[in-house]
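Visitor: Okay, handing you the structure first.
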Amino acid sequence: MKKLSRNQTFLLITIPVLALFFCFNTLPLIKGLMYSFTNFKGFGSYDWVGFRNYADLFSDARVGKSYLFTFKFAVVATILTNVIALLLALGLNGKIRAKSALRGVYFVPRILGGLVVGYIFGYIFTYILPAVTGGSSMLSNTKTAWFAIVIVAAWQSIAQTTLIYISGLQTVPEDVYEAGAIDGATGWKSFKNLTFPLIIPFFSINLVLSMKDFLMVFDQIMAMTKGGPAQSTESISYLIYNNGMGGGQFGFQSANAVIFFIVIVAISVFQLNFTGKKEEQL
Amino acid sequence: MKQKNRVAATTNWPLTILLIVGCLTVIFPLYMTIIIAFKKPSEMTNDIAGLLSLPKTWSLENFAEAMRVTDFWHSLGYSVMITIVTVVLAILIHSLAGYAIGRSMAKSRFYKVSYLYIVSGMFVPFAILMMPLVKQTAQMGVDNWFGVILCYLVFYMPMNVMLYTGYLKNIPIALEEAAFVDGATTWQTYWKVIFPIMSPMHATVAVLTALGTWNDVMTPLVIMSGTGANTLPLAQLTFQTQFGTNYNLAFASYLLALLPILVFYLICQKQIINGVVNGAVK
């Protein structure tokens, strides 16, 4: 057998990998873009409709509502997750006993599947909380159902976010605090002026990761509300799945998916630039 | 060692106790799942004491029934098979791709572009690929577990290739040159020298890919639906209507679905936590 050169070997590896990636990522992406200009129902024949789907998207109340819900959900969940995780990380990084056991317990929600967790919390919100408070279920009220989803999503997401903050806090050398303490920086002052600036890279990782995950929320909604009550918890992913796959709106929801894709890219680029600049300033 | 002594000397007990109490937020939903899974429907009352009390007898009846209703062993089999095959192929293919691309990126425009092309796939939400992928996998005759694996190999490629190329930067090329001098080809050098050195990254990739595939619902939901086969999380969704209002049966099934990953976490807690944190921070 002829010996392959280094470059030939690399090409023989890279080309099939690129082909696979193209086939299951780029090709469906192009097809999705194509379908977004048609009135395809998911079956049967279809016609080209130009930009009609896109024009309709902006006047469709249900789509607008799903964007509002998804963003409200993602922003609130990101803030809640990061505030709690940061506090938890400071605690778990403190002078405590049973440190690794505690970290191990707080990490458990990360490994559990979102769907089953959603079912379990669905039961808590439907039966246990009303039994405690004497009120009705959060999930049956259009004003509170979205926050129930925030709680579940944050419960799961806090686990990983906390661990990332802890690994950030561990990069801060002990003498920074000692030097700070001499200058009178303790407690909140020490956190604001010493700790936080040093863990900003970890803060930006967490913001980007949690925001992206929350914008794509699906499992918890599938398990807890199916978008209800009165479509008040219908996330963009859920709407695309529900109406695109089963509702005869394949073409229309493809257009929705294209816009969603552009929004995700724009937010990611913005977040990376924004947090990148902040790091430079410091 | 020095640090450990200092911690032991001044344990912050209020903080330790606060954090232990905080663990209840994680333990309570799991506690509830376990007791409901063991109870009989007749033991379920609507007052809070009845909801949270321990079952009168610890019978396995609900589990046997749940296994029968959800076709547990088949679903477990599919989940295990999909996860293991995906992880093994991801480690082999993504590390090879990371190697070929990472070693050539600096010199060649083609590989630099290939790298950016693959990594940019990270921004593509599943929602936009979903509908075209359903059509495409059906046309290709892979609208089954195998198609799901192919999709995972592509979905995790951006992250994994980025992790491998990043890790490769710290492996000096001189290590390979020694093998070349002995007459080894690039292919042989890779498997004998580079692949073993990348073990820490294999662990990270394995953990992230395994957690993602094991818990994913959306991909098997849209691609495997209609084949009659389920993964473990998907089975919870599929048989939701059959559980009806028999929450004891449902929770026995949820517990069975959570158990494998919980056991796995107990065994390799450290590797899982490290994997998740490394994957996010690097």
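The values are calculated or read from the model by the stated rules, or taken from the named source; none is laboratory data. Please read these numbers as outputs of a predicted model, since none were measured by experiment. Reconstructed Cβ throughout: ideal geometry from the backbone, glycine too, with neighbour counts over all protein chains shown. Just so you know, the surface numbers come from the protein's heavy atoms only, side chains and all, with ligands and any DNA or RNA stripped out. Shrake-Rupley method; radii C 1.70, N 1.55, O 1.52, S 1.80 Å.
Visitor: Here's a check for you: in segment A:152-192, which residue that is farther than 17 Å from A:GLY91 by Cβ and among the hydroxyl-bearing types (Ser, Thr, Tyr) is surrounded by the fewest Cβ atoms within 10 Å (Cβ to Cβ)?
Guide: Checking each candidate, the answer is A:THR171.
Visitor: What residue, among those in segment B:245-259 that are of a type in the set (S, T, N, Q) and assigned to a helix (DSSP H, G or I), is farthest from the other protein chains (Cβ to nearest Cβ)?
Guide: B:ASN248
Visitor: Return the pair list, or none, for Cβ contacts closer than 7 Å from residues in segment A:45-62 that are in a loop (DSSP other than H, G, I, E, B) to residues that are of a type in the set (Gly, Ala, Ser), at least 6 apart or on different chains.
Guide: Close Cβ pairs satisfying both conditions: A:TYR46/A:GLY251.
Visitor: If I ask for residues that are in contact (Cβ under 8 Å) with a residue 40 or more places away in the chain and outside any loop (DSSP other than H, G, I, E, B), which ones from segment B:49-70 would you list?
Guide: Within segment B:49-70, B:ASN62, B:PHE63, B:GLU65, B:ALA66, B:MET67, B:VAL69 qualify.
Visitor: Considering only segment A:205-221, state which residues are more than 8 Å from the chain's Cα centre (by Cα) and at the interface with chain B (Cβ under 7 Å from one of its Cβ atoms).
Guide: Residues satisfying the conditions are A:ILE205, A:PHE218, A:ASP219.
Visitor: Are there any pairs with C-beta distances below 8 angstrom linking a residue in segment B:221-246 that is surrounded by fewer than 18 Cβ atoms within 10 Å (Cβ to Cβ) to a residue that is of a type in the set (A, V, I, L, M), with the two at least 6 apart or on different chains, and if so which?
Guide: Qualifying pairs under 8 Å: B:GLN240/B:ALA250; B:GLN242/B:VAL69.
Visitor: Is there any pair linking a residue in segment A:91-118 that is farther than 18 Å from B:VAL277 by Cα and more than 7 Å from every other protein chain (Cβ to nearest Cβ) to one that is in a helix (DSSP H, G or I) and among the charged types (D, E, K, R), with Cβ under 7 Å and at least six apart or on different chains, and which?
Guide: Note: pairs meeting the criteria are A:GLY118/A:ASP219.
Visitor: What's the number of the condition B:LEU92 fails, among (1) in the same structural domain as B:THR186 (by TED's automatic domain parsing); (2) free of Cβ contacts under 8 Å to residues at least 24 places away in the same chain; (3) open to solvent by 60 Å² or more (accessible area, probe 1.4 Å); (4) within 24 Å of B:ALA235 (Cβ to Cβ)?
Guide: Answer for B:LEU92: the failing condition is (4).
Visitor: Could you tell me how many of the residues in segment B:199-244 are away from chain A (no Cβ under 11 Å) and not in a helix (DSSP H, G or I)?
Guide: Qualifying residue count, segment B:199-244: 8.
Visitor: How about segment A:244-260: which of its residues are touching a residue at least 60 places away in the same chain (Cβ under 8 Å) and in a helix (DSSP H, G or I)?
Guide: A:GLY244, A:MET245, A:PHE250, A:GLY251, A:PHE252, A:SER254, A:ALA255, A:ASN256, A:ALA257, A:VAL258, A:ILE259
Visitor: What residue, of B:PRO260, B:PRO233, is in contact with a helix residue (DSSP H, G or I) (Cβ under 6 Å, 6 or more places away or on another chain) and assigned by TED's automatic domain parsing to the domain that holds B:TYR78?
Guide: Going through B:PRO260, B:PRO233 in turn, just one is in contact with a helix residue (DSSP H, G or I) (Cβ under 6 Å, 6 or more places away or on another chain) and assigned by TED's automatic domain parsing to the domain that holds B:TYR78: B:PRO233.
Visitor: Turning to a different aspect of this structure: For segment B:82-98, name all the residues that are among the polar types (S, T, N, Q) and away from chain A (no Cβ under 11 Å).
Guide: Of everything in segment B:82-98, those that are among the polar types (S, T, N, Q) and away from chain A (no Cβ under 11 Å) turn out to be B:THR83, B:THR86.
Visitor: Among residues belonging to segment A:237-252 that are facing chain B (nearest Cβ under 7 Å) and open to solvent by less than 20 Å² (accessible area, probe 1.4 Å), point out the one that is nearest to A:THR144 (Cα to Cα). Break it down stepwise before answering.
Guide: To start, the set of residues in segment A:237-252 that are facing chain B (nearest Cβ under 7 Å) comprises A:237, A:240-241, A:244-245, A:250.
Now restrict to residues that are open to solvent by less than 20 Å² (accessible area, probe 1.4 Å): A:237, A:240, A:244, A:250.
Details: A:SER237: 20, A:ILE240: 23, A:GLY244: 27, A:PHE250: 31 Å.
Across segment A:237-252, the extreme among qualifying residues is A:SER237.
Visitor: Here is a follow-up. Just need a number here: residues in segment B:265-281 that are more than 11 Å from A:SER167 (Cβ to Cβ) and either within 9 Å of chain A (Cβ to nearest Cβ) or not small (Gly, Ala, Ser) (or both).
Guide: Step one: filter segment B:265-281 for residues more than 11 Å from A:SER167 (Cβ to Cβ), giving B:265-272, B:275, B:279.
Filter once more, keeping what is either within 9 Å of chain A (Cβ to nearest Cβ) or not small (Gly, Ala, Ser) (or both): B:265-272.
Here the count works out to 8.
Visitor: A follow-up question, please. Restricting attention to segment A:91-105, which residues are open to solvent by less than 20 Å² (accessible area, probe 1.4 Å) and under 22 Å from B:THR33 (Cα atoms)?
Guide: Answer for segment A:91-105, where residues must be open to solvent by less than 20 Å² (accessible area, probe 1.4 Å) and under 22 Å from B:THR33 (Cα atoms): A:LEU102, A:GLY104.
Visitor: When both residues are 6+ apart or on different chains and their Cβ atoms are under 9 Å apart, which pairs have a first residue that lies in segment A:5-20 and is within 7 Å of chain B (Cβ to nearest Cβ), and a second that is in a loop (DSSP other than H, G, I, E, B) and open to solvent by less than 50 Å² (accessible area, probe 1.4 Å)?
Guide: Final answer for the pair search is A:ARG6/B:THR185; A:THR9/B:THR185; A:PHE10/B:SER108.
Rundown of residues vs (1) assigned by TED's automatic domain parsing to the domain that holds B:VAL85; (2) free of Cβ contacts under 8 Å to residues at least 24 places away in the same chain; (3) within 23 Å of A:TYR35 (Cβ to Cβ), yes/no style:
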site	(1), (2), (3)
B:VAL113	yes, yes, no
B:PHE123	yes, yes, yes
B:ALA127	yes, yes, yes
B:MET130	yes, no, yes
B:LEU133	yes, no, yes
B:MET140	yes, yes, yes
B:LEU150	yes, yes, yes
B:MET159	yes, no, no
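Visitor: Report yes if B:TYR190 is crowded, with 21+ Cβ neighbours inside 10 Å, at the interface with another protein chain (Cβ under 10 Å from one of its Cβ atoms) and either of a type outside the set (A, V, I, L, M) or touching a strand residue (DSSP E or B) at 6+ places or on another chain (Cβ under 6 Å) (or both), otherwise no.
Guide: Judged against the criteria, B:TYR190 is a match.
Visitor: Does A:LEU86 count as over 30 Å from B:MET131 (Cβ atoms), under 20 Å from the mean Cα position of the chain (by Cα) and open to solvent by less than 60 Å² (accessible area, probe 1.4 Å)?
Guide: Against the criterion (over 30 Å from B:MET131 (Cβ atoms), under 20 Å from the mean Cα position of the chain (by Cα) and open to solvent by less than 60 Å² (accessible area, probe 1.4 Å)), A:LEU86 qualifies.
Visitor: A further question follows. Going by the conditions given, is A:THR78 open to solvent by less than 20 Å² (accessible area, probe 1.4 Å), touching a Ser or Thr at 6+ places or on another chain (Cβ under 7 Å), within 10 Å of chain B (Cβ to nearest Cβ) and under 22 Å from A:MET216 (Cβ atoms)? Walk me through how you get there before you give the answer.
Guide: On the way: open to solvent by less than 20 Å² (accessible area, probe 1.4 Å): yes; touching a Ser or Thr at 6+ places or on another chain (Cβ under 7 Å): yes; within 10 Å of chain B (Cβ to nearest Cβ): no; under 22 Å from A:MET216 (Cβ atoms): yes.
Criteria not met by A:THR78.
Visitor: Here is a further query. Within segment B:10-31, restricting attention to residues that are more than 7 Å from every other protein chain (Cβ to nearest Cβ) and open to solvent by less than 70 Å² (accessible area, probe 1.4 Å), which residue is farthest from A:LEU86 (Cα to Cα)?
Guide: Among those that are more than 7 Å from every other protein chain (Cβ to nearest Cβ) and open to solvent by less than 70 Å² (accessible area, probe 1.4 Å), it is B:LEU30.
Visitor: Any idea which residue in segment B:109-154 is nearest to the other protein chains (Cβ to nearest Cβ), counting only those that are among the aliphatic types (A, V, I, L, M) and not in a helix (DSSP H, G or I)?
Guide: This residue is B:VAL124.
Visitor: May I pose another question? Report the residue count in segment A:126-151 for those that are open to solvent by 10 Å² or more (accessible area, probe 1.4 Å) and either within 23 Å of B:ALA250 (Cα to Cα) or part of a helix (DSSP H, G or I) (or both).
Guide: Here is the first cut: in segment A:126-151, the ones open to solvent by 10 Å² or more (accessible area, probe 1.4 Å) are A:126-127, A:129-144, A:146-147, A:151.
Now drop any that are not either within 23 Å of B:ALA250 (Cα to Cα) or part of a helix (DSSP H, G or I) (or both), which leaves A:126-127, A:129-133, A:136-140, A:146-147, A:151.
Total meeting the criteria: 15.
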